[in-house]
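Okay, structure first, notes after.
The values are calculated or read from the model by the stated rules, or taken from the named source; none is laboratory data. Predicted model only: the values in this text are computed from it and were never measured. Heads up, the Cβs are rebuilt from the backbone with ideal geometry, glycines too, and the neighbour counts pull from every protein chain shown. Each accessible area value is taken on the protein alone, full model and side chains, heavy atoms only, with ligands, DNA and RNA left out. Shrake-Rupley method; radii C 1.70, N 1.55, O 1.52, S 1.80 Å.
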Amino acid sequence: MLRLIQVQHWQSLTDVDVACGAFTVITGPSSSGKSAFLRALRSAMLNPRGTRSITHGKTSSVLRVEEDAFVLTLERGATGAKYSLAQDSDVQTF
């Protein structure tokens, strides 16, 4: 189960932490970042190319997803993307 999702400098999202439970609902007014948050989460699975998701004026973005069994971190910058997958004391970087 997802426990925590952290997003920094992703499209309109500057610094967002969302604690997740068994049932988590994302709501808010128009243009508040709901879709940007979901696109950030989707990018952890699909790894799209390019830097257009980085907040204008910033050089990189970070997405961190904590799950019961692992922590996934995606860092994206002008030179590419880096994935880190941590399980227990084992950390793999791609």
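Things to note:
- Loop-located trypsin sites (Lys or Arg not before Pro) in the chain (DSSP state other than H, G, I, E, B) with a sparse environment of at most 10 neighbouring Cβ atoms within 10 Å: ARG49, ARG52.
- Value of relative contact order over the chain, rounded to a whole percent, pairs C-alpha under 8 Å and six or more apart: 27
- Each 10 Å bin from 0 upward holds the following percent of the Cα-Cα pairs of the chain: 16, 49, 30, 5, 0.
- Rolling a 1.4 Å probe across the protein heavy atoms gives the chain an accessible surface of 67 Å² per residue.
- Dipole axis of the chain (+1 Lys, Arg; -1 Asp, Glu on Cβ), positive-most option in LEU38, GLY21, ILE54: ILE54
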